[in-house]
Amino acid sequence: MSNCCKNSLNIEKNESDICKACGQAGALVKVITLKSLLIDEAKNRLNNYKYHFCCSPLCTVVYFSNPDSYFYKKDLSVKVSLKENELDIPVCYCFGYTKKDILDEINAVGTSSVEAKIKAKIKANLCACEIKNPQGKCCLASIRAIVESSKM
Ligand SMILES: [Zn+2]
């Protein structure tokens with residue numbers, strides 16, 4: 001009988017969107033992204049077409065589809081910058097810009113030109129976020145977050 005209250009608090013949260021390892025909701029990602037970035041052994045375990053990307057920096061799960069199809073950091077051929085502390089991992093996977101590139105430039109000249117450079121390449125139709133970025137989406141939000149955090 002208390003279920004009605006519980007449900008009203010969780011209107012947005014769907015059980016199937018929650019990563020079992022960290023309890024956070026994941027973001028839907030296209031299966032083409034997994035096919036591109038999973039190592040062969042892991043690719044064989046793909047069993048459906050609705051996967052989520054786990055956005056928690058500390059969680060080792062990268063992709064999941066409930067109830068039981070989970071892929072971890074070790075199952076990918078690239079490192080996920082969101083989940084690593086190292087500075088030399090790409091933030092922009094299409095053109096290879098790293099957190100270090102961004103911070104070095106800010107240290108040297110006080111500003112970052114990376115966002116503008118990426119935007120120019122997007123305009124020229126050169127990006128391939130769906131198959132290169134583990135999040136399966138444009139990296140500009142992540143780039144901005146790094147620039148913002150450097151100002152603090
Ligand atoms: Zn997780």
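The values are calculated or read from the model by the stated rules, or taken from the named source; none is laboratory data. Just so we're clear, the structure is a prediction, and the values are computed from it rather than from any experiment. Glycine gets a Cβ as well: all are built from the backbone with ideal geometry, and neighbour counts include every protein chain shown.
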Only one of Leu37, Leu82, Leu103, Leu58 that is within 16 Å of Lys132 (Cα to Cα) and at pLDDT 95 or above | Leu37
Counting only residues that are hydrophobic (A, V, I, L, M, F, W, C), in contact with a helix residue (DSSP H, G or I) (Cβ under 6 Å, 6 or more places away or on another chain) and not assigned by TED's automatic domain parsing to the domain that holds Cys55, give me the helices (runs of 4 or more DSSP H) lying completely in the range 86-152 with at least 2 of them.
-> 99-109, 140-150
For residues that are crowded, with 16+ Cβ neighbours inside 10 Å and closer than 16 Å to Gly136 by Cβ, scanning just the range 63-77, find the one that is nearest to the ligand (Cβ to nearest atom).
-> Phe64
Long-range neighbours under 8 Å by Cβ, at least six apart or interchain, first residue closer than 15 Å to Gln24 by Cα within the range 58-77, second in a helix (DSSP H, G or I) and within 10 Å of the ligand (Cβ to nearest atom) | Leu58/Lys83; Cys59/Lys83; Thr60/Lys83; Val62/Lys83
For residues in the range 17-33 being within 16 Å of the ligand (Cβ to nearest atom), within 14 Å of the chain's Cα centre (by Cα) and farther than 19 Å from Glu84 by Cα, which is surrounded by the fewest Cβ atoms within 10 Å (Cβ to Cβ)?
-> Leu28
Hey, Gly23 hits all of (1) modelled with pLDDT of 95 or more; (2) touching a strand residue (DSSP E or B) at 6+ places or on another chain (Cβ under 6 Å); (3) of a type in the set (Gly, Ala, Ser) but one; which does it fall short on?
-> (2)
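Going by what's in this entry, would Thr60 be described as closer than 25 Å to Ala21 by Cβ, surrounded by 14 or more Cβ atoms within 10 Å (Cβ to Cβ) and β-branched (Val, Ile, Thr)?
On the way: closer than 25 Å to Ala21 by Cβ: yes; surrounded by 14 or more Cβ atoms within 10 Å (Cβ to Cβ): yes; β-branched (Val, Ile, Thr): yes.
Criteria met by Thr60.
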